[in-house]
1. Pairs only if they're at least six apart or on different chains, beta carbon under 8 angstrom, first in segment 125-147 and without any contact (Cβ under 8 Å) to a residue 12 or more places away in the chain, second open to solvent by less than 40 Å² (accessible area, probe 1.4 Å) and not acidic (Asp, Glu); list them, first residue then second.
2. How do the strands (runs of 3 or more DSSP E) wholly within segment 16-132 filter down when requiring 3 or more residues that are within 30 Å of Val157 (Cβ to Cβ) and either assigned by TED's automatic domain parsing to the domain that holds Ile173 or open to solvent by less than 50 Å² (accessible area, probe 1.4 Å) (or both): which remain?
3. Do we find that Leu187 is buried (at least 21 other Cβ atoms within 10 Å of the Cβ), out of contact with any Gly (no Cβ under 8 Å at 6 or more places or on another chain) and over 22 Å from Gln321 (Cα atoms) in this structure?
4. Please list, ordered by first then second residue, the pairs with beta carbon atoms under 9 Å, 6 or more apart or interchain, first in segment 50-71 and at positive phi, second more than 14 Å from the ligand (Cβ to nearest atom).
5. Between Gly166, Gly120, which is touching a residue at least 24 places away in the same chain (Cβ under 8 Å) and small (Gly, Ala, Ser)?
6. Can you confirm whether Thr294 is farther than 22 Å from Tyr136 by Cβ and either out of contact with any Lys or Arg (no Cβ under 8 Å at 6 or more places or on another chain) or not assigned by TED's automatic domain parsing to the domain that holds Ser108 (or both)?
7. Restricted to segment 222-246, and to residues that are part of a loop (DSSP other than H, G, I, E, B) and of a type in the set (Phe, Trp, Tyr), which residue is most open to solvent (accessible area, probe 1.4 Å)?
8. Of the numbered conditions (1) under 20 Å from the mean Cα position of the chain (by Cα); (2) more than 10 Å from the ligand (Cβ to nearest atom); (3) touching a residue at least 24 places away in the same chain (Cβ under 8 Å), Ala107 satisfies every one except a single condition; which is it?
Amino acid sequence: MTAQKTLGVAVIGTGRMGADHVRRLDEVIAGARVAAVVDIDAGRAKAVAERVDGCSAYTDAAAAMDDEGVDAVLIASPGPAHEAALLQALARDLPVLCEKPLTPDAASALRVVEAEARLGHRRVQVGFMRRYDPEYERLKTLLDEGAFGRTLMLHCVHRNAGTPPGFTSQMTINDSVVHEADAARWLLGQEITAVRVLRPTPSGRAPAGLDDPQLVLFETAGGALVDVEIFVNCGFGYQVRCEAVGEHGTARIGDAHGLCVNAAGRWGGEIAQDYVERFRDAYDREVRAWVDATRRGETTGPSAWDGYAAAAVCEAGVRAQATGERTPVGLAERPALYR
Ligand code: NAD
């Protein structure tokens, strides 16, 4: 692919995230165009395609990948559909940006890692967009520079205003804490080795059967501890915070000090209501980085191995939820491609 050629992207899944990525590729990102969209809901795919010049609608991912205008694939279908689409894309040696989770469990994620390793070069970037959030990037730079010595602990907070019907306690780990699993591995440069989950008496706002909030504790290979408050029905908004504690100092991100208003004897600001608002810039920067790297013929960002490792942490987390026990994370040997 030459740097001059516009990247033709097939977007698979045109729900909330997929439709937003179509808009982003069409209106925000230079150097790419949405050549095709895919959804098992034919009406939804057609409605999204009609908003974009020269975009074809499909109900079958493989057919879209074989469209001559398609050079790369953005997967935004639900997690259980990811493995099939990833393997089809890898079989065609197509570059992929895959929304998190890579796949919903460690065994299927490992199959994707092995398929890419067999290909012999990276083609998959996983949509862990926090790595593209300017605040997270600054924290990562600070920690890598050793500004505070060794990082001893991370204190993380992840709160959602509310959950859709059917949201389960396991989903708090697989859909929500998966972001902290990746962010912690990335910030610390270490694998997570064990998980514990503690549960207070649930909030009165929690739907019946949902443990909310929960406290998740990660141990890492380098001896750091990471605690995560996950509270998915806090009612007041979407908040993601992370405080790193080092030997000589601490640093915290996520306080959302954007606009501060002073009026009527009080000061204050607004709290984002969802991830689309809080991480808008991060999604733009993530997709831009993917398009730019792909046009250069490179694959950068969170890898299939990162997606697999996060899936393995979540699997241990769901077991820890059920048993109340400290649960080790089992990881396969890392293929040379990801070292
Ligand atoms: P959604 O339910 O709104 O949309 C999913 C769409 O995919 C639907 O239109 C559905 O019909 C379609 N679909 C289902 N199976 C399909 C298949 N086999 N092939 C093609 N299309 C199929 O879901 P969403 O909230 O947009 O989530 C999509 C993905 O994005 C998930 O992996 C989710 O975890 C991820 N996500 C990431 C973030 C983030 O912050 N990075 C936030 C939300 C969701």
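1. Cβ pairs passing all conditions: Glu137/Arg131.
2. Where strands (runs of 3 or more DSSP E) fall fully within segment 16-132 and carry at least 3 residues being within 30 Å of Val157 (Cβ to Cβ) and either assigned by TED's automatic domain parsing to the domain that holds Ile173 or open to solvent by less than 50 Å² (accessible area, probe 1.4 Å) (or both), they are 96-99, 124-127.
3. For Leu187, the condition - buried (at least 21 other Cβ atoms within 10 Å of the Cβ), out of contact with any Gly (no Cβ under 8 Å at 6 or more places or on another chain) and over 22 Å from Gln321 (Cα atoms) - is met.
4. That search, which allows pairs on different chains as well, returns Gly54/Arg33; Gly54/Val34; Gly54/Ala35; Gly54/Gly69.
5. Numbers: Gly166 fails: touching a residue at least 24 places away in the same chain (Cβ under 8 Å).
None of the other options fit; the residue is Gly120.
6. yes
7. Phe236
8. For Ala107, the failing item is (3).
The values are calculated or read from the model by the stated rules, or taken from the named source; none is laboratory data. Nothing here was measured: the structure is a model prediction, and the numbers come from that model. Neighbour counts run over all protein chains shown; Cβ positions are idealised from the backbone, glycine included. Just the protein is used for accessible areas: all its heavy atoms, side chains included, with ligands, DNA and RNA removed. Shrake-Rupley method; radii C 1.70, N 1.55, O 1.52, S 1.80 Å.
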